[in-house]
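Taking it in order: structure first as structure tokens, then the write-up.
The values are calculated or read from the model by the stated rules, or taken from the named source; none is laboratory data. If you're wondering where the values come from, they're calculated on a predicted model, not measured in any experiment. Note that each Cβ is placed from the backbone with ideal geometry, even for glycine, and that neighbours are counted across all protein chains shown. Accessible surface is based on the protein model in full, side chains and every heavy atom, while ligands, DNA and RNA are left aside. Shrake-Rupley method; radii C 1.70, N 1.55, O 1.52, S 1.80 Å.
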Amino acid sequence: MSPKPTSPIALHKALEKIWGTPSGWGRLSAVNHNILGKRFMVLALVFFAIGGILAMLIRAQLATPNSAFVGPELYNQIFTMHGTVMMFLFAIPMFEGLAMYMLPKLLGARDLAFPRIAAYGFWCYLFGGTILIVAMLAGYAPNAGWFMYTPLSSGTYTPGINADVWLLGITFVEISAVTAAIELIVTILKMRAPGMSLTRMPIFGWYMLVTAGMMLIGFPPLILGSMLLEMERAFDLPFFDPTRGGDPLLWQHLFWLFGHPEVYIIFLPAAGVLSTMIPTFARRPLVGYNAIIVAIVAMAFLSFGLWVHHMFTVGIPHLALAFFSAASALVAIPTAVQIFAWIGTLASGRPKFDIPMLYVVGFFIVFVCGGLTGVMLAMVPFNSQAHDTYFVVAHLHYVLVGGFVFPMLAALYYWLPHVTGRRSVYSLSVPAFWLILVGFNLTFFLMHLTGLMGMPRRISTYPSNWGWDWLNLLSSVGGFLMTMGFALVLIDIIMQFRFGRRTSRNPWKARTLEWAMPTPAPSYNFAAIPEIAGRADDLDVNVLGRDLAGGKGYLGFTRADRQETLGVDMMSGEPDQVIILPQPTYLPLWTALATGAFFLGLLFKLYWLPPIAAVVVIVLFFLWTRPLGARRNMGPIDIGMGKAVPVDGEVRDNVTWWATLCGITADTTLYGSLLFGALYLALIAPGWTDPAPPLDWLPAIGLVTALAAMALLRRAEVLNAGNRSPLPLLLAALGLGAITALALLAGMLRIPDPTSHANLSLRFVLLTYCAVHAGVAALLALHAALRYRAGFVSAVRATDIRITRAWTDYAALAQLPAWAILLLLAGGAR
Amino acid sequence: MSTLDPAGPAAGNIATLWWVMFFGAVVLFALVLGLLALSFLRPAAIASIKPMHWIIGGGLIMPVPILLGLLIAALLLGEQLLPKPGGVAPMRIEAHASQWQWRFAYPDAPGSAETDVLHLPAGEPVDILVTAEDVIHSFWIPRLGGKIDAIPGHENTIRLEADEPGVYRGICAEYCGEGHETMGFVVEAHAPADFPAAVGAAP
């Protein structure tokens, strides 16, 4: 089929018919990134408002000494929720939403790689966040701090549902973070415009690639820690209890192993926004594109090596602290590289000013200050004084508000015209900026001094004789000024939607692809996908936009009502497949509801519900793949511009395969954190006693069967490639997987009293991990068998078998370190 | 309560470190913001700087020596503050935290009783052995020095010294539940001759 010449309007209508989302209740079936990106951002702003109101309550309470406005019980819930909401329900989802909305447009794709997973992530975020907020309104908000230090957060010292709300609600929300990370990585690597090699990618793509990679390995330690703590709370399995071989410090290691990279996970997308906007306003390309890429990769590596700087006062040997202190200070170097690249871009360009630039200047003022106090806090002796005081409160707000909120406000003013098709109403934008900047500095600059004067964090009130009164009062005044500024920004946004002047297609004269489309953006982004011949942050988008709207480019036509976009070779950007994306569906919503039932069952200790919910989730996921794939080989199909490539199901290097590898990577990190925890307790925990009861060899049957399943699947893959039926082998692998899971399960149940000591609870949880993975391997074998029977699998359409093989390999090999640790635990580690 | 009003050598050294870092930070802040302002207000003044020189100068040449110097100074200072074995072993005092109070014991003062007030001999270093019974707390006397966490199952040591006899305030610095802000304690530093009597020990 060759592209028929057609008018831009007709092409728009044809594409909109295919890519559009139904109206009315049909909106709940939306999977389009335009809609989901905006939903993520709007919901994040709602949570920002909730977190802001909580902050106002804190400042009202602390405005005067000996205040009786809220008592300590309520205050503890308020500050716990303020931190939790801002970190997990505002910052992360905010940039996820921005990236979801923006990345396909910057990269030249029509949607994300997994639109339904994005929708599922959104529902998980909404439901998980709702659990937390509803619990708060009912008076059962978490109250052990957003860092949830054990033993305070354990069942003994925080009985009741509060801490469970945190652990389960946040883990629920984290699902959306991990799925978003996989989605973004695969989209960036595989779904760029043809010709856009990695070295031509807009810098925001690089920032998000690194960020998503960090999320993939940064979140699993927290998810693991939350699962262990919830098991300790719900089933009394000790991991953090020092009287039964656990160690409260293990929680801190797991938490900060996530928690520190988290800061950079929040900063990097914002820095990516700055690196995208500043060249537009400097009217020249970004200075030091390559240096910035090196800097952000260096930042990512360093960020995983400095979590201990949150733990300088826990009694770790000083020389070990020196290592983490140096790593913390070194992070200043890649930060400085970026700061000076931005200043250099402005200095060597012809800078112009507009509202977004106001916030960029605000970013410089606030973030540089936060960076400098960060270097101070990296110094161990100073840290021992300033740690857990208001100095740290000041520092972290300078870094996070400076490094995230100011750039996001700049982004809001920069890209809102893309969403509305209108310009700002300037009369409100400028006073709003000044209120925020002055209010922020009044609130938080003084807190440096409050902290140095000895005021610790998280106290609900203070006596009046220690010189903290006027500092706190001024901080509270500043806080309310800042709130007024944010309220003005909100009004400004509404005004822009209602009264803003209609704008031309590219109001800032930017040179990146997202402006090469009509505004507001159509559901399919690009009527045709461009060929990129140079750096993708220096394009003449006005000319390009006209050409693309007219269908000049790749896939500038519709075919069989399919949602088609292009996949490219990861490095070179040569087109190598047509990716066929799924239509709107309610499956993500149902699956998220079933997932929610799973978490609510755990939360309310209705232990009959989670297994049922898990089965429903599994059945629903089996339904997910039904509309995907084809029953016959299509061979290369025309993509315009004289080229033809196969559809994604017929190439090995497709997005599903890469997502599987990303998923296994995240899982490996989770498992690595578990193995680290087991070794940590066995070697360092204060109350550890060797040896434990001897090892039970019955579950070792599971190791043998898992290795056999691994061999069978390799053979099945070979048979399938040779056009012979893999069905018997898949069914045999299904049986072996089930036996593996049952053998490991039996091993778990035969452990004598796993609640008695961490040694046995670790044995229990290691066997659980292996059993779950064997069970999933069995399900995947079943899935591949069903897909084969239904005709979706052939020698070239082999993805279902390949991902089953990859998972089965992982599930079998993961048992090896588990058995090594089990032997160590049983034999006596010390 | 202020760390900027030190009453012991550890707090004094850290306060000096703070002031050095503070003035250094002011200079660096002014430099960065000044360059940013120039790029808008007087672009001609800095337009001749080559793009890559910004990154090499600002990102590498400027921070590396500053950070190295600071790290070495902080490492040496930190080593100085450590409770090191060898030499004359200082007096040991046990600080035991629980929700929400501190108890202090004096194993090196025979016959002494447990107290709610922390008694110290002034003018000599003491090693405080910090433990916790239930949840994590943190032992902190801002005017004498840094803090150390009190963690159940662990024993941490911090070396502190009060220059002069007097009354100081201590506080729990790690969030420990509903009574967190009530978990302060009084520190009384005595002339060494008066110390045994203060803890009820044989002189």
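Details
- Shape of the range B:69-203, Cα gyration tensor, a/c cut at 1.5: oblate
- Averaged over the residues of A:387-395, the number of partner chain Cβ atoms lying within 10 Å of the residue Cβ comes to 3.
- Cα gyration tensor category, rounded, prolate or oblate, for the range A:486-642 with a/c compared to 1.5: oblate
- Separation of alpha-carbon centers, the range B:102-169 and the range A:278-302, rounded to whole Å: 49
- Counting, for every residue in B:6-18, the Cβ atoms of other protein chains within 10 Å of its Cβ and taking the mean gives 2.
- With respect to chain B, whose longest principal axis is taken over its alpha-carbon atoms, helix B:9-41 is tilted by about 20°.
- Using Cβ point charges alone (K and R +1, D and E -1), the dipole size of chain A about the Cα centre works out to roughly 2400 debye.
- Residues considered: B:Ser112, B:Ser138, B:Ser48. Largest GNM mean-square fluctuation over chain B, using C-alpha springs under 10 Å, is found at B:Ser48.
- Each chain gives up part of its surface: B and A jointly bury about 6000 Å² of accessible area, both sides summed, for a 1.4 Å probe.
- For A:Ile639, distant residues with modelled amide H under 5 Å away: A:Ala644, A:Val645
- In this structure, the residue pairs whose Cα-Cα separation is over 25 Å, taken from A:Lys13/A:Lys509; A:Lys38/A:Lys105; A:Lys13/A:Lys552, are A:Lys13/A:Lys509.
- Based on Cα contacts under 8 Å between residues 6+ apart, the range B:91-198 shows a relative contact order of 30 percent.
- Protein accessible area in the protein assembly as shown, 1.4 Å probe - carbon and sulfur %: 70
- Label reach from B:Leu31 (point 7 Å along Cα→C-beta): in the range B:64-85, amide nitrogens under 18 Å belong to B:64-73.
- Cα gyration tensor, chain A - rounded (a/c under 1.5), prolate or oblate: oblate
- Among B:Thr157, B:His180, B:Ala97 the positive-end extreme of the charge dipole of the range B:70-203 (Cβ point charges): B:Thr157
- Alpha-carbon centroids, the range A:16-60 and the range A:616-664: separation in whole Å: 29
- Here the range A:110-162 and the range A:682-729 have alpha carbon centers that stand 34 Å from each other.
- Averaging the sequence gap over all C-alpha pairs within less than 8 Å and six or more residues apart, then dividing by the number of residues, gives chain A a relative contact order of 17 percent.
- For chain B, built as a Gaussian network whose Cα springs stay under 10 Å, the top-fluctuating residue of B:Leu160, B:Leu41, B:Leu70: B:Leu41
- Residue-span extension gain [A:Arg498 to A:Ala708] - 0.36 nm each, minus C-alpha spacing: 69.1 nm
- Here the gap between A:Trp590 and A:Ile618, fully extended at 0.36 nm per residue and compared with their Cα-Cα distance, gives a gain of 8.9 nm.
- Surface accessible to a 1.4 Å probe, per residue, for the residues of the range A:689-827, Å²: 39
- Since only B:Gly59, B:Ile49, A:Ser475 are under comparison, the one whose Cα sits farthest along the positive direction of the charge dipole of the protein assembly as shown, derived from C-beta charges on Lys, Arg, Asp and Glu, is B:Ile49.
- Heavy-atom surface of the range B:9-81, accessible at 1.4 Å and reported per residue (Å²): 53
- Minimum 10 Å² accessible area buried by the other protein chains, the range A:370-384 residues, probe 1.4 Å, relative to alone: A:Leu372, A:Val375, A:Met376, A:Met379, A:Pro381, A:Phe382, A:Ser384
- Pairwise label distance in nanometres, A:Phe676 with A:Trp25, each label 7 Å out on the Cα-Cβ vector: 4.7
- The dipole here belongs to the range A:651-756: it is taken about the Cα centre, uses +1 on the Cβ of Lys and Arg and -1 on the Cβ of Asp and Glu, and is about 440 debye.
- List of the range A:328-351 residues, accessible area with partners at least 50 Å² below that of the chain alone (1.4 Å probe): A:Ile333, A:Phe340, A:Ile343, A:Ala347
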